[in-house]
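The structure appears right after this line, and notes come after that.
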Amino acid sequence: MSNSRSLFLLAALVLGFAFLYVPILSMVIYSFNESKLVTVWGGFSFKWYGVLLQNRQMLQAAWLSLRIATVTATGAVIIGTMAGLVLARFGRFRVRMLFAGMVTAPLVMPEVITGLSLLLLFVALAPLPLVPDTRGFSTITISHITLTLSYVTVVVQSRLSTMDDSLEEAAMDLGARPAKVFTKITLPIIAPAMVSGWLLAFTLSLDDLVIASFTSGPSTNTLPMMIFSTVRRGITPEINALATIMVLIVTLFVIVAGVLMVRQERRRRLDMRMAAAGPT
């Protein structure tokens with residue numbers, strides 16, 4: 001019985017990974033296709049990568065999306081971490097339920113509604129100082145931060161809720177100030193959650209089409225918007241080449257983040273063992 005159950009779980013795992021990654025693998029393979037037809041193999045070639053490098057509009061859209069995603073992820077981590085600290089450490093203050101609802105609202109709000117409301121907000125506030133008067137990089141970034149900070153808040157709050165408060169209390173009993181406790185104790189512990197939140201916000205921003213369509217200007221095209229308008233006329237191997245490069249970039253980010261998180265976790269466990277052993 002146990003062997004049959006193990007075989008069933010293994011088969012389900014293989015089928016699940018195949019369902020997720022075989023389409024991506026086929027896209028990568030066909031990005032090296034010589035033929036113009038994406039479903040007909042015409043031989044191995046780097047031809048479409050060269051064509052992609054000559055497509056200035058596509059490269060500009062990719063560079064814009066990468067810049068927006070980087071700024072969005074960084075801003076979302078900063079604001080989301082502060083919001084997570086408030087929800088996890090400040091107890092039950094008067095407007096806690098309202099604050100939690102406002103922070104997590106983008107998680108359940110349809111992107112069409114979010115994009116439309118942000119568009120109306122930018123149009124209404126355009127005459128005010130320090131508000132972007134034209135839609136483009138700034139408005140898309142602000143919109144993406146609004147969308148992604150909720151995910152960062154949930155990740156950081158969940159990590160703080162499982163954190164042992166006695167570590168912070170012991171540091172304060174030994175004379176450490178709250179700022180030093182946060183930088184030396186709390187921040188290293190929640191760093192893996194912050195990295196995970198950054199990667200999640202980066203991916204969501206890089207992938208967003210609906211909100212960016214509402215908050216972008218006529219001369220601003222992000223990569224998803226460019227791909228969507230191109231795919232409507234038919235998929236080309238050039239799109240496969242671009243998607244392969246983006247998959248490679250995201251994979252490198254994930255690998256680097258994974259290595260940093262593993263090193264951080266090893267260092268934390270070593271510090272905890274040294275602290276438990278006490279002075280010798």
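The values are calculated or read from the model by the stated rules, or taken from the named source; none is laboratory data. Note that the structure is a prediction, hence the values are computed from the model and not measured. Glycine gets a Cβ as well: all are built from the backbone with ideal geometry, and neighbour counts include every protein chain shown.
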Yes or no: region 57-77 includes at least one residue that is touching a Gly at 6+ places or on another chain (Cβ under 6 Å) and farther than 30 Å from Ser31 by Cβ.
yes
Any helices (runs of 4 or more DSSP H) falling wholly within region 126-217 and containing at least 3 residues that are touching a residue at least 60 places away in the same chain (Cβ under 8 Å) and within 22 Å of Ile68 (Cα to Cα):
137-161, 187-207, 210-215
Of the residues in region 194-233, those that are among the small types (Gly, Ala, Ser) and within 25 Å of Tyr21 (Cβ to Cβ) number 4
Selection count where residues are out of contact with any Leu (no Cβ under 8 Å at 6 or more places or on another chain) and surrounded by 15 or more Cβ atoms within 10 Å (Cβ to Cβ), scope region 98-108
1
Count of residues meeting criterion [out of contact with any Ser or Thr (no Cβ under 6 Å at 6 or more places or on another chain) and in contact (Cβ under 8 Å) with a residue 40 or more places away in the chain] in region 1-31
3
Just checking, which of Ser143, Ser138 is small (Gly, Ala, Ser), surrounded by 16 or more Cβ atoms within 10 Å (Cβ to Cβ) and farther than 17 Å from Pro224 by Cβ?
Ser138
What is the number of the single condition among (1) surrounded by 13 or more Cβ atoms within 10 Å (Cβ to Cβ); (2) under 30 Å from Asn240 (Cβ atoms); (3) not basic (Lys, Arg) that Val112 does not meet?
(1)
Among Ala83, Ala62, Ala76, Ala88, which is the only one that is among the small types (Gly, Ala, Ser), surrounded by 16 or more Cβ atoms within 10 Å (Cβ to Cβ) and modelled with pLDDT of 90 or more?
Ala76
Go through region 237-249 and give me each residue that's crowded, with 16+ Cβ neighbours inside 10 Å and hydrophobic (A, V, I, L, M, F, W, C).
Ile239, Ala241, Leu242, Ala243, Met246
Exactly one of these conditions fails for Ala12: (1) surrounded by 12 or more Cβ atoms within 10 Å (Cβ to Cβ); (2) more than 30 Å from Thr186 (Cβ to Cβ). Give me its number.
(1)
Given the structure, is Val259 part of a helix (DSSP H, G or I), closer than 20 Å to Val71 by Cα and of a type in the set (Val, Ile, Thr)?
no
